[in-house]
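**Student:** This is the structure I want to talk about, given as structure tokens.
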């Protein structure tokens, strides 16, 4: 499903009006009808006390149209609070809807500077409060009258009112997901035509409640050009076809992943990545570890995983002496992964191995964990090495690793996850997956994918190592790098969700639980 920025949505609306001849008032009317229909399916509206809080822009126009339909068609007891002084200019469509609302006798309270003392009590006594105060154009700080009105909406929600946001909750930035301190917390957000990027990422996602996308009659052809999308089960079915009886199949058809991972004390990460690759459906999986930890690897790895030892340093990490053997081993497969559990990157010999292997590996490659940290110690943080690669590459940093790749703090990464994942993908010329709640994937051209599966229980050691193995398998099965990363994040998150359902909650999940549910997650999508 595509998602849009506010600028893209404005252009879509403009083209709908200019090129397809759909009047803007019709789009507003359709938006109002979608909200009313949604409420009618959930609530008894006849006689229900409904407060509609409107701004003076088109979002407020939507609210005024909603108020009219609730009163006239549904018989609701509707009160409108309009954040505009008498005589203050409204947008043209909002003004038209205000006139219609006045003609049918709706009670409309205009906010003339100071907040009326009865606003909070009126909203608190309402069964439904509709937030149509601010729309997708909001940026920066919500203050003054807007902040007070949003606060009154939240106070009503805290005592039981059902809060419905029109298009976006007021105080949320539609393009970034940044949230003002006074932003409205909605029970339900009904957005129009396409989801807005900011609604799907944190911190805004906590304020959205349930998200519904309403069709307002925008021509479908205009919705296909958005620069971002959300992965869904249909994508997985297309990218990972079901294996059905009656078709020729053997292990050679489903790829061979080689995982270069592990060191003294960190063999678990290597085993998790390799087992995840197998559970995702790789026909063959080879786990390469430093030779000194081979016995340990063999004792913890799933028996289906082939294991081999390579030359090591005194710290039992990969040595540069292992390079030729590692490159030859990777070339026998269809994809490789490097990074989980490699050990500290203080060892120059290990860093040389990572540099040379990453640059020269001839198959699609997932670069994770300590391999990212090793590259980030290069003068250009490894950008030239990654850009020089001839095969597909996916980088999978968590926020701390992303900060090292971009030369910024972890806090700065989290302040603008959308901008930073795109910046990293452009800098490194490859697909970058930024882990975290609502994992983000960007290709080098800035095309963004948002993942909405997963749960807090997946914030556990080894979860990222599992994801590395999942993506490597999909690369090895010839998926394009961006698709492999998007599908990997979706399946990984869904497996975690299924595991949480099985255990009755997210607390206490471990990485192996995610691995166990990978086949079921894939099957659920096919």
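The values are calculated or read from the model by the stated rules, or taken from the named source; none is laboratory data. Note that this is a predicted model, so its numbers are computed, not measured. Here the Cβ is made from the backbone with ideal geometry for all residues, glycine too, and neighbour counts use every protein chain on show.
**Student:** When the residues of segment 452-469 are narrowed to those that are in a helix (DSSP H, G or I) and free of Cβ contacts under 8 Å to residues at least 60 places away in the same chain, which ends up surrounded by the fewest Cβ atoms within 10 Å (Cβ to Cβ)?
**Tutor:** My answer is 456.
**Student:** Regarding residue 472, is this residue touching a helix residue (DSSP H, G or I) at 6+ places or on another chain (Cβ under 6 Å) and surrounded by fewer than 20 Cβ atoms within 10 Å (Cβ to Cβ)?
**Tutor:** No; evaluated as a whole, the condition is false for this residue.
**Student:** Still on this structure, I have one more. For segment 328-355, what are the residues that are in a helix (DSSP H, G or I) and buried (at least 17 other Cβ atoms within 10 Å of the Cβ)?
**Tutor:** 329, 330, 349, 350, 351, 353, 354, 355
**Student:** I've got another one for you. Taking segment 437-451, which residues are crowded, with 19+ Cβ neighbours inside 10 Å, assigned to a loop (DSSP other than H, G, I, E, B) and under 14 Å from the mean Cα position of the chain (by Cα)?
**Tutor:** Residues satisfying the conditions are 438, 439, 451.
**Student:** Okay, next question. Pick out the one residue from 433, 375 that is in contact with a strand residue (DSSP E or B) (Cβ under 9 Å, 6 or more places away or on another chain), assigned to a helix (DSSP H, G or I) and either crowded, with 23+ Cβ neighbours inside 10 Å or touching a residue at least 12 places away in the same chain (Cβ under 8 Å) (or both).
**Tutor:** The unique qualifying residue is 375.
**Student:** Search segment 148-167 for residues being within 16 Å of residue 59 (Cα to Cα) and free of Cβ contacts under 8 Å to residues at least 60 places away in the same chain, and hand back the single one that is farthest from the chain's Cα centre (by Cα).
**Tutor:** My answer is 150.
**Student:** Listed residues 60, 171, 137; which is in the same structural domain as residue 199 (by TED's automatic domain parsing), within 30 Å of the chain's Cα centre (by Cα), modelled with pLDDT under 95 and within 30 Å of residue 8 (Cα to Cα)?
**Tutor:** 137
**Student:** Does residue 419 qualify as being under 20 Å from the mean Cα position of the chain (by Cα), surrounded by fewer than 22 Cβ atoms within 10 Å (Cβ to Cβ) and part of a helix (DSSP H, G or I)?
**Tutor:** Judged against the criteria, residue 419 is a match.
**Student:** Consider residue 80 carefully, then state whether it is at negative phi and buried (at least 24 other Cβ atoms within 10 Å of the Cβ).
**Tutor:** Here the answer is yes, as residue 80 does meet what is asked.
**Student:** Looking only at segment 179-217, filter to residues that are part of a loop (DSSP other than H, G, I, E, B) and in contact (Cβ under 8 Å) with a residue 60 or more places away in the chain; which one of those is surrounded by the fewest Cβ atoms within 10 Å (Cβ to Cβ)?
**Tutor:** Restricting to residues being part of a loop (DSSP other than H, G, I, E, B) and in contact (Cβ under 8 Å) with a residue 60 or more places away in the chain, the top hit is 215.
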